[in-house]
Structure formats: C-alpha cells, structure tokens
Amino acid sequence: MRVWSVEDSLKTYCVENWGLQYFGINSKGNMTARPRLGQTPCIDMKEVVDDIISRGIKLPVLIRFQDILRHRVVSLNESFRRVIEEAGYKNRYMGVYPIKVNQLREVVEEIVDAGVPYQMGLEAGSKAELFAAIAMNTTPDSLILCNGYKDDSIIRMALLASKIGKRAIIIIEKLSEAYQVIRLSKELGVRPSLGIRSKLHTRGSGKWESSGGDSAKFGLTTPEVLQLINLLRNENMLDCAKLVHFHIGSQITDIRTIKDAVKEGARVYAKLKKMGVGLEFLDVGGGLGVDYDGSRTSSNSSVNYSVQEYVSGVVYTIQEVCAAEEVPEPAIVSESGRALVAHHSVLIVNVFGNIEMGSTPIQFEQTPEENELVTQLREVLANVTGKNLSESYHDALQHWEESSSLFKLGFLDLEDKAKVENLFWRVCFQINKLMVGQKYIPEDLVEMSKHLSEQYLCNFSLFQSAPDYWAIQQLFPIMPLHRLTEEPVRSATLVDITCDSDGKVDRFIDLRDVRETLPLHNINGQPYYIGMFLMGAYQDIMGDVHNLFGKVNEVHVFEDSEEPGGYYIEEIIPGNTVGEILGTIQYSSQELEKAVKIAIDNQVKSGALKPREGVDILNIFEKGLKEYTYIDQSIPVSMTGTGPSSQTTQQGV
Ligand SMILES: *Cc1c(COP(=O)(O)O)cnc(C)c1O
C-alpha cells in the first residue's frame, strides 16, 4: 500500500487553492496557520486546540487569527498603492471597511488599527452601525460612510460627527433623503458632505445579482441624480456632493462584471464632475470576492480573479474613463468587507459520533424457520455481480417492500424484520462497491448510493455558525485538523446537533464540481477535530439561535515568535450558557429554578423522593443552567455499532 503523505492531503482538501498560503499542513499531519505569511512562524492549529481545551474551554470554538485580519488590510491597501504608482494614477486610494460584514468590536478595532497608515475608514448601513463607526473610527481624516435608509436621528448624528472632527459622508440612497439632509443641516448649522449612490445598469454576477441593476433596492436613477443636482445647485450646495457611490452586490464572481460596473460608475462621476459638482471620491462599493472552493472560476463560491487583478481592473478602468472625459482622477474608495475578514476565522468542531447506514449491533444466525423473504434476500446478496446491479437492486427493494406489508399485517416477527433490513443494506453496499468503474450507472442506483454515505455527527449548529451554507448554498472549505498523514478512508456527510433536517453538510468544495461527501478518517477512540475555514465574513455575526444553541466560545490568537508554539491567546470570549440563551427569550433562571423546586418539594412531601435526592436534583439543574449549550463529549462513538471504535458495516446475519 502506498503511504499517504501531506501532499495527498493538501490535494484532497484543495488547501493551497483556497488557503492563500495562510493555511497549510505540517509534517505531523496537523493543520497550520501562518497569519502573516513570509518567514513568520507556522502555528500548529492542533496544538492551539489542545491548548484551548487544557484551559477548560469547550468545543465548538471559533478561532480568530487577528494577524490575518491585519495582513488582509495591509495587502489590499498595498495592492492599491502599487497599482496606482505603476499606472501613474494621479490620486490616492482610501478604503473603508463595511462593518456589517463582521461587527465584532475586536474585529473592527483590529482593522481600524491596521489601517491607520492608509487612513482606512468605516462604512455603516444602519443606526447602530453608524454609532459604532463614529466612536470606533479614530483615524484622522479617514472616511465614515453612512449608507442605508436613514431617519432624522441617523442624519443628525452623521452631521454632528463633523463637529467632533470626524469625516462622515452621508450617501443619498433615495431622493427624499436629500431634502431631509438639507433641512437638518440648516437646523444644525453644519455644511454636509454628501455622496450620491447611483443605480447602475450593470448587474452583479453570482448570488447577489439583484443588488445591482435597474430594479435594485438602493440608489438613484439617472433622472433622480439630475434632480438631486438641481436641488443642490438651488441650495448653493453643489460643492457638498463629494462622492459618487455604487455597489452591485457581494461576491462578484467575474472580473468582467467588476470592470463593467466601474466603467459605468466612472462615467457617472465624470459627467457630474463636468457639470460643476464638487466630487472628490469615486466609491466602487464592495463585491471583491473570496475563492471559497479554490477553483478560481466564476462559479458561485469562487472568483475568477485575484485581489491584484481586481485592483488593476478598478484603477486602470477609472483612469481610462477620466482620460477620455478629460476630468481629474478621483480618490478611489472601495468598501471591501468579505475579502478582508473571511480568512481570519476558523470554526473548530469535534466529531462526537458517526452513523453508518446498514450496520448492525446484533449478529443474527440463519435459522430454519425464518421467513421466505429472508431466504430470498440471502439469495439476492449471494448473486450480486457487476452484470446484474440494477436487477439485484430492484429485487432487494421489492423484498423489502413486501416485508413491510407483511409486518403491518402481522405476518413477520421483529427478528425477521431486522434480518430483512440488514440484508437489504448489505445488498446496497455490495452494489455500491461493484458500481465503481462502471461506465453507465442508472439514476436510481446513483440515488441509492447517496443514502449509503456515513454521517459524522459534529458539535455545532449550522444555523448559528454557517448560516450562508444553509441560506444561499454557499460552500466553505471543511477538513480534518489533524491526522493528515493518514489516508482518509471514510467518506461521510456531516450533521449538526440541531433537530432540523436541514442541519447537515452534504456539499463540499471540489476543484471541478461539488462533492457530496467529505473524505474523513476512521473514528479511533481519540478526539477528532474538523475545521470549517473562511468563516469570518457574514457567518458568526448573522447566525441565529435555532434550537437555542447560541454563540460559540471564541479565542483570539496572535502570532508571536517569542512564544513556544509561535502564538499566544489574547482573549477568550465565552459562548452562551443555557441560562443566558434562555434569558434572551424571557426565561429567567431564577423562575425556572423556582418551578423545578416546586416540583421537587411536591415529590418530597408525598414521600416519593428523599429530601437529599431533591437537593441533588436541584443542584444539577442549577449547575446545568451555567453550562455551555453544546454537546460535552470529546471522544466520538459509533451511534449504530457497539462501542467507540466499532466499524461494523457489513457483518452479521
Ligand atoms: C454589504 C456591502 C458591502 C460589502 O460588500 P463585500 O462584498 O462584503 O465586500 C459594501 N458596500 C455596501 C453598500 C454594502 O451593502
């Protein structure tokens, strides 16, 4: 047998394609992170997880590599600096981070801090985000962009921000907002800075196509833009309009779409500039995508361009249009969120069990008096060959259906029913084995084979931690965190711990396709950890509390070459406890304890329970309210077999 190598694992899980060199595998077969690339230390992620566990922190846990955040900020800004220099573009880049993509304070703080040399600012799309942005953006002269629908209170705060030295630009998304802003700015005696969001004809590509185009929710149509300009001219405020903005959607998968949009947006800028509007900035919005599946294609979970190509596309396109229109080149603003934050966080889940279809915990002997159907199924099993797969499957299916009818009528005992079920699965597995390499496989056998895949039970809630997988079929790279010098001999789907049939992962990244199962290792009586990567954008922050699981534990890891493992853990943010999550929906722990105490007292009074036992039960209840909401079991067990390391498929009967 060939030895399984690190290279095999790298290839199997496409690590080098999606990891952007931030992630790799070391010679121990553990996943590594190199948050600042280059010659910096490689952090052994399995070691980090062991460290986390030894501190008493339970899985699932979200690891944030704060240095990756910083590195992303620097990379994007440096890319713009390089291309601007190379193109001889006569203005600068001033990025903003749209905080809706991940609003966690530590994430925003890190981005603002790393962005100081580049005057990176923040973008807000709601009242709460604006209030956070005004306070958090401490970099002098950086921008605060105020997007989204606005009421008086939002506009008032954005206007007042200029009085405390912040550079807030109110982006007019709807014509009516212009009247509002003019009224309030007069009231407050503040001269506003305005942006104009233009509704482009160019539509995005991929999932967010409808964010752009003529029917988009936000932005001004061309007549509305002209009306706004008339209004500002009449108010003597043409100089207040500083910025033209468009955003055609997130995760734009095709570079041509980006260039088209920039071309159109740059024309809008140029025409307005020529009309005497005081524009200084062209804001190209978000949309810079992330290659989640590593395929570098324009499929939904990928992008067919690099950051460098994106930046070149933006800078050169604006330059071209400005040259043709003979207008000065604007400062370029972009609102990239996903591309900055996706890579920095990894969800680590532990497998706590597996379910194998068709396995049996009891061995059945062949007995003389067993039902005819059992005998027939034995024959089917004995006679399956590569030449009669379909026929065997149909026979087996028919016997199984007949047995079900017989059972309902009372003509089949439980023992024979169990034998039928087990034999049926064995036939299916046998067919599945013989199907490999066959040229033509009938539709129903393909369907059948999907049902045979094993399930690994993972300690997490898809709805909390990876909502986009469920909501918009977004794929994420998922792979074991260790044992990567061992061949992954099982292929399985993942199921989460919510009581929801949608709480499963059965679509995985692949360079050419979407695969239905993930190669995984045998369960071996040791903990088994799986990492879900590139989770930093739009996931944890949008998660919901389906089944009351709530927030997961979080640790923030910093790289440090002075430390033994090359890292230190700066911060631990505990996930929700049972009591906390119940508290968010109006249950008070005290009231719950009181209710349980009443039940206990009644039992004690009636003599059904000893007072001591009653006290113990109450203590256990109280303690449980303070525990983590997730499953507390680190060693995986077979849910269908007989013990921790049983791999019982296809035996018995
Ligand atoms: C969501 C949003 C962004 C962020 O887009 P990404 O694709 O994550 O970079 C930028 N600008 C606006 C107006 C948005 O609504």
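The values are calculated or read from the model by the stated rules, or taken from the named source; none is laboratory data. What you see is a predicted model; the values in this text were computed from it and never measured. Neighbour counts run over all protein chains shown; Cβ positions are idealised from the backbone, glycine included. For the accessible areas, the whole protein counts, side chains as well, though only heavy atoms, and no ligand, DNA or RNA atoms are used. Shrake-Rupley method; radii C 1.70, N 1.55, O 1.52, S 1.80 Å.
A cut-off of 5 Å between modelled amide H atoms, ignoring neighbours fewer than 5 places along the same chain, links Lys504 with Asp496.
If you fit an axis through the alpha-carbon atoms of helix 127-136 and take the longest principal axis of the Cα set of the chain, what angle between them do you get, 0 to 90°, nearest 10? The helix 127-136 is inclined about 70 degrees to the chain.
Each peptide among 117-126, 6-15 gets the average number of other Cβ atoms lying within 10 Å of its residues, and from highest to lowest they stand as 117-126, 6-15.
From the square roots a ≥ b ≥ c of the eigenvalues of the alpha-carbon gyration tensor of segment 171-231, which class results: rounded (a/c under 1.5), prolate (a/b over b/c), or oblate? Note, shape of segment 171-231 comes out prolate. Partner aspartates and glutamates whose Cα lies under 13 Å from the Cα of Lys174, excluding those fewer than 8 positions away in the same chain, are identified as Asp151, Glu224. For segment 418-433, putting each phi into the Karplus relation 6.51 cos²θ - 1.76 cosθ + 1.60 with θ = phi - 60° gives couplings of 4, 4, 4, 4, 5, 5, 4, 4, 5, 4, 4, 5, 5, 4, 4, 5 Hz, in residue order, rounded to whole numbers and with x for Gly and Pro. Solvent-accessible surface of the chain, averaged per residue with a 1.4 angstrom probe and all protein chains in place: 44 square angstrom.
Note: the chain, Cα convex hull, 220 Å³ per residue. The alpha carbon gyration tensor of segment 47-109 gives principal lengths a ≥ b ≥ c with a/c of 1.5 or higher and a/b greater than b/c, which makes the shape prolate. Could you please report the charge total around Leu279, scoring K, R as +1 and D, E as -1 over all other residues with beta-carbon less than 9 angstrom from its beta-carbon? After counting each charged neighbour, the total is +1. Residues whose amide H comes within less than 5 Å of that of Asp560, counting only those at least five positions distant or on another chain, are Tyr567, Tyr568 (H built at 1.01 Å from N in the peptide plane). Report in % the part of the accessible area of segment 122-182 that belongs to carbon and sulfur, leaving out ligands and nucleic acids; probe 1.4 Å. Carbon and sulfur: 62 percent of the exposed surface of segment 122-182. Close lysine pairs were tallied over segment 209-346: pairs 8 or more places apart or on different chains with Cα atoms under 15 Å apart number 4. Seen from Gly386, the other residues with C-beta closer than 13 Å to its C-beta sum to a net charge of +2, counting Lys and Arg as +1 and Asp and Glu as -1. Under a straight-distance cross-link criterion of Cα-Cα below 17 Å, which aspartates and glutamates are reachable from Lys623, leaving out those fewer than 8 residues away in the same chain? Excluding near neighbours in sequence, the set is Glu580, Glu591, Glu593, Glu613, Asp632.
Overall shape: prolate for segment 525-639, with the ratio a/c of the largest to smallest alpha carbon gyration tensor axis at 1.5 or above and a/b above b/c. For a straight C-alpha distance cut-off of 30 angstrom, the lysines reachable from Lys11 (same-chain residues fewer than eight places away being disregarded) are Lys28, Lys46, Lys207, Lys433, Lys439, Lys450, Lys504.
With contributions of -39500 (n - 2.57) from each DSSP H run of at least four residues, the per-residue ellipticity at 222 nm computed over the chain stands at -12000 deg cm²/dmol. Projecting the Cα atoms of Asn236, Met532, Gly121 onto the dipole axis of the chain, where Lys and Arg carry +1 and Asp and Glu carry -1 at the beta carbon, places Asn236 farthest toward the positive end. Rounded to the nearest 5, the antiparallel percentage of DSSP beta bridges internal to the chain is 50%.
With the dipole of segment 363-460 worked out from charges on the C-beta (+1 for Lys and Arg, -1 for Asp and Glu) around the Cα centre, which of Ser390, Val374, Met435 lies farthest toward the positive end? So the residue furthest toward the plus end is Met435.
To test your reading of the geometry: what angle, between 0 and 90 degrees and rounded to tens, separates the Cα axis of helix 255-274 from the longest principal axis of the chain? So the helix axis and the longest Cα principal axis differ by about 20 degrees. Sorted largest first by accessible area at a 1.4 angstrom probe radius, with every protein chain in place, the residues Tyr22, Tyr628 fall in the order Tyr628, Tyr22.
In segment 7-99, if the dipole is taken from +1 on Lys/Arg beta carbons and -1 on Asp/Glu beta carbons about the Cα centre, which of Val83, Leu59, Thr40 is farthest to the positive end? Towards the positive end, the residue furthest out is Val83.
Computed from phi, the 3J(HN,Hα) profile of segment 86-100 under the Karplus parametrisation 6.51, -1.76, 1.60 (θ = phi - 60°) reads 4, 7, x, 5, 9, 6, 10, 10, 9, x, 10, 9, x, 6, 4 Hz, with x in place of Gly and Pro. At a 1.4 Å probe, what is the % contribution of carbon and sulfur to the accessible area of segment 506-622? Carbon with sulfur: 52 percent of the solvent-accessible area. The C-alpha atoms of the chain define a longest principal axis, and helix 175-188 lies at about 60 degrees to it. Under 5 Å from the amide H of Ala168 lie the amide H atoms of Ile144, Ser162, each residue being 5 or more positions distant or on a separate chain, with H modelled from the backbone and absent for Pro and chain starts. Each Lys and Arg Cβ is given +1 and each Asp and Glu Cβ -1; about its Cα centre, the chain then shows a dipole of about 2240 debye.
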